[in-house]
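The structure appears below as structure tokens.
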Amino acid sequence: MKIRSEALNQLAGNATSLLAFDCEFWHVGSTFLPREVGGYHMTRSGDAWVRSAPFFVVLPPPGGQLNRVSSSYSTVTPKTAEILDILEETERSAREFLRDDDIVKAYFADPKVKPHLKPTSWITGFMKLMSESTVIVKGDMDLKAIKSACTKYKMTYHAPLKIFDIASHNPEFSKRCGTAKLEGTYHCISKELDAELKKAFPVGKAHNPVFDSAMTIQIAAWLAKDMH
């Protein structure tokens with residue numbers, strides 16, 4: 001899909017690759033590691049940007065004691081979400097009836113999760129893409145999680161060519177919208193967002209990494225209008 005957008009040109013600067021991504025996490029103690037990674041990659045082609053199909057990857061659980069996998073932060077079917085909620089409540093109220101891997105097994109059995117499972121070596125290719133791209137994110141947690149994964153799995157971390165973090169505008173969002181949360185901000189300024197980018201990057205339920213990335217791209221483009 002080709003997109004012509006001066007805002008994307010502004011965001012990219014001299015880069016010929018734009019990468020917007022979002023993560024949901026494995027929690028090992030106080031460490032965050034990527035569990036779900038999703039988003040969009042765009043490459044410059046003449047005066048336009050070629051948008052890839054959205055990517056969505058699920059990474060295996062790291063070793064160590066994992067905190068629970070919450071249905072609110074997982075891209076799963078309603079049936080699995082209900083199972084995760086029950087297991088989460090069981091963990092709180094009757095831990096003795098729950099095995100260590102029950103929640104993780106239920107998560108990986110979901111039809112929205114299982115087909116997207118990749119080995120941790122997937123991160124190596126993703127790091128190369130990051131290092132060649134202007135990266136668009138909301139906050140620093142996603143990049144920190146990727147960096148933590150590189151440390152854990154003994155990979156070399158490569159920083160993005162450039163970072164555009166819409167969270168740097170959180171004070172403005174809070175003042176205007178009463179919230180700096182991604183979904184709240186998106187709906188607050190929705191009428192002012194670029195119509196073509198809305199078509200190119202459709203959104204849905206928050207905490208799906210692809211949809212969160214779509215919202216982040218559109219908000220970043222809206223901010224880029226003032227970057228001349």
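All of the numbers you see were taken from the coordinates with simple rules; none came from a lab. Quantities reported herein were computed from a predicted structural model and do not represent experimental measurements. For neighbour counting, all protein chains shown are included, and Cβ atoms are generated from backbone atoms with ideal geometry for every residue, glycine included.
At q = 0.07, 0.12, 0.13, 0.15 Å⁻¹, what is the log10 ratio I(q)/I(0) for the chain, with the Debye formula run over Cα points and no solvent?
-0.24, -0.69, -0.80, -1.03
Of the candidates I189, I103, I166, which one comes out as most mobile in a Gaussian network treatment of the chain with C-alpha springs shorter than 10 Å?
Fluctuation is largest for I189.
Using +1 at the C-beta of Lys and Arg and -1 at the C-beta of Asp and Glu, which of N9, H169, I136 has the Cα lying farthest in the positive direction of the dipole of the chain?
Value computed over the given set: N9.
Mind checking which of S148, S17, S93 has the largest fluctuation in a GNM of the chain, springs on alpha carbons under 10 Å?
Highest fluctuation of the listed residues: S93.
Measure nothing fancy, just the Cα-based angle from helix 78-93's long axis to the longest principal axis of the chain, in degrees from 0 to 90, nearest 10.
50 degrees
Filter the trypsin sites (Lys or Arg not before Pro) in the stretch 171-228 down to the DSSP loop ones having no more than 16 other Cβ atoms within 10 Å, then list what survives.
Listed in order of number, the matching sites are K181, K205, K225.
Over all directions, how big on average is the projection of the convex hull of the alpha-carbon atoms in the stretch 71-114, in square nanometres?
The Cα convex hull of the stretch 71-114, projected and averaged over all directions, gives 2.8 nm².
When 1/r is averaged over all different Cα pairs and the result inverted, which Kirkwood radius in Å belongs to the stretch 1-89?
It works out to 15.6 Å.
Tell me which lysines have Cα within less than 17 Å of K205's Cα, excluding those fewer than 8 residues away on the same chain?
Partners found: K79, K112, K138, K181.
Would you look at the GNM of the chain, springs on alpha carbons closer than 10 Å, and say which of S213, S131, S74 moves the most?
S131
Can you give me the angle between helix 209-224 and the longest principal axis of the chain, using Cα atoms only, in degrees from 0 to 90, rounded to the nearest 10?
30 degrees
At a 4.7 angstrom Cβ threshold, list every cysteine in the chain that has nobody to pair with, or say none.
Cysteines lacking a close Cβ partner in the chain: C23, C150.
Give me the net charge for the shell around D22: Cβ to Cβ below 10 angstrom, other residues only, Lys and Arg +1, Asp and Glu -1.
Surrounding charge for D22 is -3.
Looking at the stretch 45-141, which chymotrypsin sites (Phe, Trp or Tyr not before Pro) are in a loop (DSSP not H, G, I, E or B) and have at most 15 other Cβ atoms within 10 Å?
none
Cα-based Rg of the stretch 72-168 per 2.2 N^0.38 Å, rounded to two decimals?
Here the answer is 1.37, to two decimals.
Does anyone have the angle between helix 141-152 and the longest principal axis of the chain? Alpha-carbon axes, 0 to 90°, nearest 10?
Between the helix axis and the principal axis of the chain, the angle is about 60 degrees.
State the Kirkwood hydrodynamic radius of the stretch 129-228 in Å, one decimal place, computed from all pairs of distinct Cα atoms.
Radius from the Kirkwood sum: 14.6 Å.
Restricting to DSSP H runs of at least four residues, report the calculated mean residue ellipticity at 222 nm for the chain, -39500 (n - 2.57) per run over all residues, nearest 500 deg cm²/dmol.
Here the helix-only value at 222 nm equals -11500 deg cm²/dmol.
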